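Asker: Please read through the structure below; I'll follow up with questions.
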Amino acid sequence: MKLWLIVVVCLFSLSEKAISQEKFLLQDSQRVLFLGDSNTFAGLYIAYIDAYLYTRFPDKRIELINLGLPSETVSGLSEPDHPYPRPNVFERLDRALEKTKPHVVFACYGMNDGIYHPFADERFAEFKKGVQTLTERVKKSGAKLYWITPAPFDPMPIRKNVLPLGEPKYSWMKPYENYDGVLDKYSAWLLTLRAKGIPVVNAHAALNGFLTRVRSKEPKYFLSGDGIHPNPTGHALVASQILQAIYAPDEVDMAEIDLRMKRAINGNVKDVKLDGDELSFTWLCKTPWPFDPRWHARLAELEQLRTQLNRFDLIVSRAGKKRYALWEGEKKLGEAARDDLLLGLDLGRYPALSANQRAMSLWKLVEQRQKLLALAWLTDVGHKRPDTPKGIALDAAKKQAEKLDEQIRDLAKPRAIDLKLTPLDE
C-alpha cells in the first residue's frame, strides 16, 4: 500500500512538471524584445531572466534583446528643463520590430511620461494614446505584447530636491514630491488593459509592496538612490514578476530518498548508502537560478523567491536523528534539521555547495553577455538620444556573445555532486 502511494505521488509530481512546462510562455528559438526607458536600458532585470532561462532550460536557445533607451517616452512629451527633447519610442519602433523580428515584446514606460509634474489630464491622455498605438503596432507585427507598469518614484532619498504642488516648473532633477501618485494612476490604467486580453505585469505594486514591508523595520531603506532608478533588488522584483507572469516553472531540481527503503524515489540519484545513521549518495543535479549577492538580505524570504521560482530541495524521509551535518565530499556545508529534511531542505541555503557556486560563475558571464549585446543592438537599430554609449558592430558582438554562450551553457549543464548527511550528537 505504501509503495503504491509513493508511485502515485511520483506520477503526480511528474504530471505537475509537465503541465508547468506546457504553460511556460517562451519556447525554443524564440526572440524576446524589451522596450523601455533607462530602467530597461540598465538591463539587470533582463539579465536575471536570462540567467533563469540558461539554468532552467540549458538546451534551449531563447534570445532576449534589450532595446531600452534612457530618457525615452511612449507619450512624446518632454519637460521644458530637459537638456534635449526626450526621445520618442515611435521614432525607432518600426526599425526595432523589423530588425529583431520578436515573438514576444515587453514594454515598460510611464516613469518619464508624466514628465515629473503633478497629474494632468492632457499628459495622461498622451500616455494612453502612446500605449494604445504601441499595442496596435506590436500586434500588427505578429508578436505577443506584455506591458510592465513603471517602477515607483521614491522621494525619500532625494527629499532635498523634490518640489511641492504649485511650483511653476518641474523636471527629473526637481520632481514633484508626490510624483508616485501620478505613476499610481498610470499603472492603474495599464492594469485595465487586462480586461482586453493584454497581459500586464504589475512591477509598480511589487516594488512598492516590498519597500513598505522592509521599511517597517528599516525606515531609511530605499530601492532607488535617486528616487527613479531601482537597484539590483528592485530589478530582481521586476524579473520575478515577469517570470511568474509567463508561468516560469518553480522547480530547479529535487532529490527524494527514503531511508527505510535505502533508495531514491525521486531525482537522478545513485549510489545511495546507509551506514548506521550516516547517509551518502551521488546526485546528478541541475544548476539553480543564481541569486545576486547585491540583493537585500530579506528579498528571497519576503517574496518567496525560492518556493515560487527556485525550489532546489533535498527530501529525506524517515531520518532517525534530530539534526545532521550536510557535507559535499569532505567539505561541510552546514547543518540540517530532520523536519527540514522531511519537508524539503532548501539547498539554496548553502552558498558553498558547488551547484550554487557554479550558478554565481554563470551569472557573471550572463551579465557580461547581456551588456555586450544590448549596446550593440541599440546602436544597430539607431536612435536620436545624444550622449548615449555606443556598442560595437552587431555581428562582432554576436561572435563574442557566442563564446560567452558556450561557457554559460557548460556551467548550466547538470553536474554530479556527492552529498553526505552525518548525525550530530543530541
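Asker: Could you list, in sequence order, all residues of the stretch 380-424 that are in a loop (DSSP other than H, G, I, E, B) and closer than 30 Å to residue 85 by Cα?
Answerer: Listed by number, the residues that qualify are 382, 383, 384, 385, 386, 387, 388, 389, 390, 391, 392, 393.
Asker: Kindly list the number of the only condition in (1) over 24 Å from residue 39 (Cα atoms); (2) of a type in the set (Lys, Arg); (3) in the same structural domain as residue 108 (by TED's automatic domain parsing) that fails for residue 220.
Answerer: Of the numbered conditions (1) over 24 Å from residue 39 (Cα atoms); (2) of a type in the set (Lys, Arg); (3) in the same structural domain as residue 108 (by TED's automatic domain parsing), the odd one out for residue 220 is (1).
Asker: Say we look at the stretch 269-292 and pick out the residues that are among the acidic types (Asp, Glu), in contact with a strand residue (DSSP E or B) (Cβ under 7 Å, 6 or more places away or on another chain) and farther than 17 Å from residue 254 by Cα; which of these is surrounded by the fewest Cβ atoms within 10 Å (Cβ to Cβ)?
Answerer: Restricting to residues being among the acidic types (Asp, Glu), in contact with a strand residue (DSSP E or B) (Cβ under 7 Å, 6 or more places away or on another chain) and farther than 17 Å from residue 254 by Cα, the top hit is 277.
Asker: Hey, could you check the stretch 115-152 for residues that are of a type in the set (Val, Ile, Thr) and surrounded by 20 or more Cβ atoms within 10 Å (Cβ to Cβ) and say which is farthest from residue 167 (Cα to Cα)? Reasoning before the result, please.
Answerer: Step one: filter the stretch 115-152 for residues of a type in the set (Val, Ile, Thr), giving 115, 131, 133, 135, 138, 148-149.
Then keep just the ones that are surrounded by 20 or more Cβ atoms within 10 Å (Cβ to Cβ); that gives 115, 131, 138, 148-149.
On the way: 115: 14, 131: 28, 138: 38, 148: 30, 149: 27 Å.
Within the stretch 115-152, the match that is farthest from residue 167 (Cα to Cα) is 138.
Asker: Restricting the stretch 192-220 to residues that are hydroxyl-bearing (Ser, Thr, Tyr) and over 22 Å from the mean Cα position of the chain (by Cα), which is nearest to residue 133 (Cα to Cα)? Working first, answer last.
Answerer: Step one: filter the stretch 192-220 for residues hydroxyl-bearing (Ser, Thr, Tyr), giving 192, 212, 216.
Filter again for over 22 Å from the mean Cα position of the chain (by Cα), leaving 192, 216.
Working: 192: 16, 216: 41 Å.
Out of the qualifying residues, it is 192.
Asker: Can you find even one residue in the stretch 348-365 that is charged (D, E, K, R) and under 15 Å from residue 257 (Cα atoms)?
Answerer: Kept after step one, since they are charged (D, E, K, R), are these residues of the stretch 348-365: 349, 358, 364.
If we keep only those that are under 15 Å from residue 257 (Cα atoms) too, we end up with none.
No; the residues of the stretch 348-365 include none that is charged (D, E, K, R) and under 15 Å from residue 257 (Cα atoms).
Asker: Across the stretch 317-346, what is the total count of residues that are free of Cβ contacts under 8 Å to residues at least 60 places away in the same chain and buried (at least 16 other Cβ atoms within 10 Å of the Cβ)?
Answerer: Counting residues in the stretch 317-346 that are free of Cβ contacts under 8 Å to residues at least 60 places away in the same chain and buried (at least 16 other Cβ atoms within 10 Å of the Cβ) gives 5.
Asker: Is it the case, given these coordinates, that residue 416 is outside the structural domain of residue 31 (by TED's automatic domain parsing), out of contact with any helix residue (DSSP H, G or I) (no Cβ under 6 Å at 6 or more places or on another chain) and surrounded by fewer than 20 Cβ atoms within 10 Å (Cβ to Cβ)?
Answerer: Considered against the rule, which asks whether it is outside the structural domain of residue 31 (by TED's automatic domain parsing), out of contact with any helix residue (DSSP H, G or I) (no Cβ under 6 Å at 6 or more places or on another chain) and surrounded by fewer than 20 Cβ atoms within 10 Å (Cβ to Cβ), residue 416 comes out as yes.
Asker: Further question: Would you be able to say whether some residue in the stretch 188-196 is surrounded by 23 or more Cβ atoms within 10 Å (Cβ to Cβ), at pLDDT 95 or above and closer than 27 Å to residue 23 by Cα? Spell out how you get there, then give the answer.
Answerer: Of the stretch 188-196, the ones surrounded by 23 or more Cβ atoms within 10 Å (Cβ to Cβ) are 190.
With at pLDDT 95 or above added as a condition, the list becomes 190.
Narrowing further to those that are closer than 27 Å to residue 23 by Cα: 190.
Scanning the stretch 188-196 turns up at least one residue that is surrounded by 23 or more Cβ atoms within 10 Å (Cβ to Cβ), at pLDDT 95 or above and closer than 27 Å to residue 23 by Cα.
Asker: Has the stretch 74-84 got at least one residue that is crowded, with 23+ Cβ neighbours inside 10 Å, touching a helix residue (DSSP H, G or I) at 6+ places or on another chain (Cβ under 7 Å) and of a type outside the set (Phe, Trp, Tyr)?
Answerer: Looking through the stretch 74-84, at least one residue is crowded, with 23+ Cβ neighbours inside 10 Å, touching a helix residue (DSSP H, G or I) at 6+ places or on another chain (Cβ under 7 Å) and of a type outside the set (Phe, Trp, Tyr).
Asker: Can you name the residue in the stretch 97-108 that is out of contact with any helix residue (DSSP H, G or I) (no Cβ under 7 Å at 6 or more places or on another chain) and not in a strand (DSSP E or B) and is also surrounded by the fewest Cβ atoms within 10 Å (Cβ to Cβ) among such residues?
Answerer: Residue satisfying both the conditions and the ranking: 98.
Asker: Wholly within the stretch 277-346, which strands (runs of 3 or more DSSP E) include no fewer than the required count, namely at least 3 residues that are assigned by TED's automatic domain parsing to the domain that holds residue 243?
Answerer: Ranges flagged: none.
Asker: Here's a follow-up. Residues to consider are 121, 154; find the one that is under 28 Å from the mean Cα position of the chain (by Cα) and acidic (Asp, Glu).
Answerer: Values: 121 fails: under 28 Å from the mean Cα position of the chain (by Cα).
Just one listed residue meets the conditions, 154.
Asker: Would you point out which residue out of 188, 151 is assigned by TED's automatic domain parsing to the domain that holds residue 226, part of a loop (DSSP other than H, G, I, E, B) and under 24 Å from residue 241 (Cα atoms)?
Answerer: Result: 151 is the single residue among 188, 151 that is assigned by TED's automatic domain parsing to the domain that holds residue 226, part of a loop (DSSP other than H, G, I, E, B) and under 24 Å from residue 241 (Cα atoms).
Asker: Exactly one of (1) in contact with an Asp or Glu (Cβ under 6 Å, 6 or more places away or on another chain); (2) farther than 30 Å from residue 217 by Cα is unmet by residue 309. Its number?
Answerer: Going through the list (1) in contact with an Asp or Glu (Cβ under 6 Å, 6 or more places away or on another chain); (2) farther than 30 Å from residue 217 by Cα, residue 309 breaks only (2).
Asker: Of the residues 194, 263, 213, which single one is of a type in the set (Lys, Arg), outside the structural domain of residue 359 (by TED's automatic domain parsing) and free of Cβ contacts under 8 Å to residues at least 12 places away in the same chain?
Answerer: Within the list 194, 263, 213, the selection yields 194.
The values are calculated or read from the model by the stated rules, or taken from the named source; none is laboratory data. The structure presented is a predicted model; accordingly, all values stated were derived computationally and were not measured. Every residue, glycine as well, gets a Cβ built from its backbone with ideal geometry; the counts of neighbours run over all protein chains shown.
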